[in-house]
Amino acid sequence: FSSSNPDLLLCSSWDTTVRCYDLGRPASPLVASLPQPSACLAACFAGGDDLAVVGSVDGAVRAVRVDGGRAGGAGAPFGSHDAGVRCLRYDGEGGVVFSGSWDRTVGCWDPRSGQREATAQVPGKVFALDVAAGPTRVVVGTSDRHVLVFDARRLDAPLQRRESSLKHQTRCLRCFPGGDGFAVSSIEGRVAVEYFADEAQGRKYAFKCHRVGKVVYPVNALAFHPAHGTFATGGSDGFVNLWDGAHKKRLCQLPQFPTSVAALAFNCDGSKLAVASSYCFEEGEKDHPKDELYVHTVLNHEVTPKASQPSA
């Protein structure tokens, strides 16, 4: 979602197309459809609602116009990695985009000039990346369960090197809205809640989720509500759960989606939750429901912390 327009939604896809939707126009929400040279693994708005950055399986980092003025055009690559670009996040404080790649590097780019600002070598393929506010940190989750925390202004050496609290491969990582920690999910139906400060390490914990009987599903997606700090998880069981992390309680579960939940995002005012329902090939090639994008209108009780909800 746009950081300023609660109705503007950006979607990248394996079908090699980036799409921008204006949810304020329900009759014709598609603003731009922009085919790219290869499958699009990530996309983010870059400092405004007219410009997006796209990361592709061919390793390119491209800038595209998404205001409709260049609908149908491919973006010009201003940078590249040696393997697919799995993650992109925009840092509004520094005005730069961070890219995480399977080539075991993190790149920092100025999206307006197209210049590479810095590069960090990391110990594995980048599977997840996010930017935490105040002071700005870049948190990177890689293969072999490494988690690295960088100062966003300096990528030459990490501030912290950690091993994930979870015993299986990292699938997603998202930072708290307040910037004091992050949540990380794994392929083994667990989520860990962690903190940056040494004195807060006693508060970290992990919990099981997205399990049906003895069947365990990957937790593919995490998203924090911008106002309440509660968060959503999306799993390959097709469910989205909403959690009060501070009180370690599940707030609610949305009705099951047709197939795996591949991605989640709250809009900037927390009134909408975008859900990508897309089979993630956990069981290999098989017939599966078509890929669809849903937008859930968020109800207050679904995201308000337990302690703040009125008693019956």
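Working value for the stretch 184-251: equivalent-ellipsoid semi-axes of 21, 14, 10 Å, each the square root of 5 times a Cα gyration tensor eigenvalue, largest first. Counting other Cβ atoms within 10 Å of each Cβ, which trypsin sites (Lys or Arg not before Pro) in the stretch 245-312 have at most 10 and sit in a DSSP loop? Here the trypsin sites (Lys or Arg not before Pro) that fit, given the DSSP loop and packing criteria, are Lys286, Lys290. Taking label positions 7 Å along the Cα-Cβ direction at both Ser38 and Lys286, the computed distance is 3.0 nm, reported to one decimal.
For the stretch 260-312, which GluC sites (Glu not before Pro) pass both filters: DSSP loop (anything but H, G, I, E, B) and at most 15 other C-beta atoms within 10 Å? Intermediate results must be reported in sequence, preceding the final value.
On the way: sites: Glu282, Glu283, Glu285, Glu292, Glu302; in loops: Glu282, Glu283, Glu285.
Passing both the DSSP loop test and the Cβ count: Glu282, Glu283, Glu285.
Tell me, what is the per residue accessible area of the chain in Å², probe radius 1.4 Å?
45
Pairs of lysines in the chain whose Cα atoms sit within less than 21 Å of one another amount to 14, provided the residues are eight or more positions apart or on different chains. What percentage of the solvent-accessible surface of the chain, computed with a 1.4 Å probe over protein heavy atoms, is contributed by carbon and sulfur atoms? That fraction is 48 percent.
Scanning the chain for chymotrypsin sites (Phe, Trp or Tyr not before Pro) in DSSP loops with at most 15 neighbouring Cβ atoms within 10 Å leaves 15-280 as the longest stretch between them. For the stretch 77-134, applying the loop criterion from DSSP together with a ceiling of 15 other beta carbons within 10 Å to the trypsin sites (Lys or Arg not before Pro) yields Arg112. Of the labelled figures (i) 81, 51, 36; (ii) 160, 53, 34; (iii) 53, 49, 40, only one reflects Cα extents along the principal axes in Å as derived from the coordinates, namely (iii).
Amide H to amide H, with H built 1.01 Å from N, Leu51 comes under 5 Å of Ala46, Val66, counting only residues 5 or more places away or on other chains.
The values are calculated or read from the model by the stated rules, or taken from the named source; none is laboratory data. Everything numeric in this text was worked out from a predicted model, so none of it was measured. When we count neighbours, we look across all protein chains shown, and the Cβ atoms used for this are built from the backbone with ideal geometry, even at glycine. Calculation scope for accessible area: heavy atoms of the full protein, side chains included, ligands and nucleic acids excluded. Shrake-Rupley method; radii C 1.70, N 1.55, O 1.52, S 1.80 Å.
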